[in-house]
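Reading through the structure tokens given below for one structure.
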Amino acid sequence: MLFLISKGFPLKLFYTYLYILVTLCSVSFSGETRYNKEKILQGQGVNEPLSETGFSQASAAGIYLSNTRFTHVFSSDLLRAKQTTDSILAKSQFCKDISVNYDARLRERKYGVAEGKPLSNLKAMAKGAGEQCPSYTPPGGETLDEVNDRCKDFFEYLCQLISQERCLEKQSSPSTEGTDTEIEGRSATSLTSYGCRMEFHSESDRADKGMDANVLVVSHGAYMRNWIGYFISNLECTLPDTVTKTELSSVSPNTGISQFIIKFEMRKMFRPQIHCICLNRGDHLMGLTHENV
């Protein structure tokens, strides 16, 4: 269904009021690899392909999302994320031929000297430094702030892209200008009726839902945990009442699915309204064996 909010986004102002609604579906963890199963830290430096289980997980996610009409698809450029994206789109009823944008800003967190070694090594290094995972940064790795900068940069780009496309669409279709008033009256909270299952398994397109874009993002566990944390802490993303603190801090299952509704307006200064529909959903994996690494 993601930053410099205090200063706004540097968007060109085409219209005084233009309200944008975006559904963002994120696959928070690519399918399983051999290294996942063996509890080996991959990060960016280990570019393993999916295991047999990983391909099964990705296909299951594809079936779950098969009735969704995505307008944009973005993926990390690491092999496991690319293969996950390809497997998801192969099951789509509408998006088999959609162009995929591979973006290095969606890569997993870089773990430096800890990559290619057991996860237990990273924990031992953190303990030796008097710190705890995930806040500890091993030599040559990325800090959490650096990962957040990548998240911010990608989200700003995504918002600019969709806004510019929407403005060009309005310029070429002036008869649709009246729809902005209707969208303005909707709050992010009122969009909770877009239930996760209903949204994913509806055959209606974005016009039927009043959406300007339906975006699929495939990335990695540590990266997406930072991204979701940024939504909640900095953008005041609202959550379903059923989400617990434990779930917020838990690692997503392989191919765990989250969905967000995002509303923003094209002004020089604005703050997006974000509502989480579901978080790290994994019921499509029922019956499959997978490792939560």
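For the range 244-262, the set of residues classified as over 18 Å from Ala81 (Cα atoms) and modelled with pLDDT under 90 consists of Thr244, Lys245, Thr246, Glu247, Leu248, Ser249, Ser250, listed by residue number. Against the definition (at pLDDT below 80, open to solvent by 10 Å² or more (accessible area, probe 1.4 Å) and over 15 Å from Phe155 (Cβ atoms)), how does His290 come out, yes or no? When the stated conditions are applied, His290 passes them. Can you find a residue in the range 101-110 that is small (Gly, Ala, Ser), over 21 Å from Asp145 (Cα atoms) and within 23 Å of the chain's Cα centre (by Cα)? The answer is no, given that none of the residues of the range 101-110 is small (Gly, Ala, Ser), over 21 Å from Asp145 (Cα atoms) and within 23 Å of the chain's Cα centre (by Cα). Output the residue which, of all residues in the range 17-51 that are assigned to a loop (DSSP other than H, G, I, E, B), modelled with pLDDT under 90 and of a type in the set (Ser, Thr, Tyr), is most open to solvent (accessible area, probe 1.4 Å). Ranking the qualifying residues of the range 17-51, first place goes to Tyr17. Restricting attention to the range 211-252 and to residues that are outside any loop (DSSP other than H, G, I, E, B) and among the charged types (D, E, K, R), the residue that is surrounded by the fewest Cβ atoms within 10 Å (Cβ to Cβ) turns out to be Lys245.
Of the residues making up the range 200-210, those that are in a helix (DSSP H, G or I) and at pLDDT 50 or above number 1.
Scanning the range 71-104 for residues that are open to solvent by 20 Å² or more (accessible area, probe 1.4 Å), touching a strand residue (DSSP E or B) at 6+ places or on another chain (Cβ under 7 Å) and aromatic (Phe, Trp, Tyr) yields one hit, Tyr102.
The values are calculated or read from the model by the stated rules, or taken from the named source; none is laboratory data. What you see is a predicted model; the values in this text were computed from it and never measured. Cβ sites come from the backbone with ideal geometry, for glycine too, and all protein chains shown count toward neighbours. These area figures cover heavy atoms from the full protein model, side chains too; ligands, DNA and RNA do not enter into them. Shrake-Rupley method; radii C 1.70, N 1.55, O 1.52, S 1.80 Å.
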